[in-house]
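The values are calculated or read from the model by the stated rules, or taken from the named source; none is laboratory data. Because the structure is predicted, anything quoted here is derived from the model rather than measured. No Cβ is skipped: glycine too gets one built from the backbone with ideal geometry, and neighbour counts run over all protein chains shown. Ligands, DNA and RNA are stripped out before the accessible areas are found, and what is left, the full protein with its side chains, is counted by its heavy atoms. Shrake-Rupley method; radii C 1.70, N 1.55, O 1.52, S 1.80 Å.
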Amino acid sequence: MNKLLIGIAAIVFSHFANANSYNLISPLKASEYMTCWSLHYPNYTQVFGYSSLGHVFLRDPVLKNYIVLHPYKGAAKSYGEHDSIAEFERAVLKEDSFAYFVLDTERVAELNQRIGPLGEEEVFIPTPYPFIGGNESLQSYDKGNVWVMLSIVAELRGLCE
């Protein structure tokens, strides 16, 4: 019963916290802002946003397919076809389970309290990165530039070779 109440509370909380857990930006050329990653996702030529925890939102403007890049996992998940960024936001980013499991709005709220709000092009970054032994505890996070983080993670993962 307690787990159910916690889950419901987290989903309700996430509904109100969404606005601070991601940033949508005017579409940028992925090849210019995330060079190494774009080599591995060549059809997704536009980056149009990122989460406060460093997930990146990409789209294929020709086929209108959308993915979310999980840099620490070295993978992306497809969220299918959407007619616009606004539709993707409505169908995916504002969906309660996405907010809870991917955007992790509760963690973002705690990090905002502990470290302070993010500045322009900043994300919360765990140190060390989880894929090289970091534990993602709240105390391990700091703030950093999203594009620099993506570049470093790609280099460490060997994606630039």
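When you count the other C-beta atoms within 10 angstrom of each residue and take the mean per peptide, 117-125, 63-71 line up highest first as 63-71, 117-125. Across q = 0.11, 0.19, 0.23 Å⁻¹, region 45-128 modelled as identical point scatterers on its alpha-carbon atoms has Debye log10 I(q)/I(0) values of -0.31, -0.89, -1.20, in the order of the q list. For the chain, what log10 I(q)/I(0) values come out of the Debye formula at q = 0.13, 0.14, 0.20 1/Å, with one point per alpha carbon and no solvent? Results for the chain at q = 0.13, 0.14, 0.20 Å⁻¹ read -0.61, -0.71, -1.37. Per-residue 3J(HN,Hα) values for region 66-80, derived from phi via the Karplus relation 6.51 cos²θ - 1.76 cosθ + 1.60 with θ = phi - 60°, read 10, 10, 10, 7, 10, x, 5, 8, x, 8, 10, 10, 7, 10, x Hz in sequence order (x marks Gly and Pro). Solvent-accessible area of GLU81, all protein chains in place: 120 Å² (probe radius 1.4 Å, heavy atoms, ligands and nucleic acids excluded).
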